[in-house]
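Read the structure below first, then the notes.
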């Protein structure tokens, strides 16, 4: 059986074309996968910041309304596995608990009989155990803010 040289070139061209198409499909799938991973990790981090804010708001509300320990002069209250937080100004900074990277800041505002509690939750905080401040140098830092007025 005798093949002409033009047929042999066509087979190589066809193989290169198929290989290129398969490679492009693979690259596209990889890029989609990377984007999905980024989106899901951002959603996870956002949820962590939201729950930090929610927990801090609930803690502040419970201590202020049920126990009456927070007022214009300040106070001390307990949250998150009996951690003690001192309130001597408008803010209380708190770490979310053992094993958590999150922290929150709670602000109390008293004005003409109306109380406002604002909680800011962060997903990444300073690794130092005594510090409860967000790690502002991280590009992954997210803040979620909740408030309640009554």
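Being over 26 Å from residue 42 (Cβ atoms), within 24 Å of the chain's Cα centre (by Cα) and either exposed (fewer than 12 other Cβ atoms within 10 Å of the Cβ) or modelled with pLDDT of 85 or more (or both): is that true of residue 130 here?
Yes.
Among the candidates 87, 80, single out the residue that is over 30 Å from residue 43 (Cα atoms), touching a helix residue (DSSP H, G or I) at 6+ places or on another chain (Cβ under 9 Å) and either surrounded by fewer than 12 Cβ atoms within 10 Å (Cβ to Cβ) or at pLDDT below 80 (or both).
The match here is 87.
For the stretch 28-77, give me each residue that is more than 18 Å from the chain's Cα centre (by Cα), modelled with pLDDT of 75 or more and closer than 21 Å to residue 146 by Cα.
58, 59, 60, 61, 62, 63, 64
Scan the stretch 104-124 for residues that are more than 27 Å from the chain's Cα centre (by Cα) and either assigned to a strand (DSSP E or B) or in contact (Cβ under 8 Å) with a residue 24 or more places away in the chain (or both) and report the count.
Step one: of the stretch 104-124, the residues more than 27 Å from the chain's Cα centre (by Cα) are 110-115.
Checking the rest, the ones that are also either assigned to a strand (DSSP E or B) or in contact (Cβ under 8 Å) with a residue 24 or more places away in the chain (or both) come to 110-111, 114-115.
Residues in the stretch 104-124 being more than 27 Å from the chain's Cα centre (by Cα) and either assigned to a strand (DSSP E or B) or in contact (Cβ under 8 Å) with a residue 24 or more places away in the chain (or both): 4 in total.
Against the condition surrounded by 16 or more Cβ atoms within 10 Å (Cβ to Cβ) and in contact with a strand residue (DSSP E or B) (Cβ under 7 Å, 6 or more places away or on another chain), how does residue 135 come out, does it pass?
Here the answer is yes, as residue 135 does meet what is asked.
The values are calculated or read from the model by the stated rules, or taken from the named source; none is laboratory data. For clarity, every value in this text was computed on a predicted model and none was experimentally measured. Please note: Cβ atoms are built from the backbone with ideal geometry, for glycine as well, and neighbour counts cover all protein chains shown.
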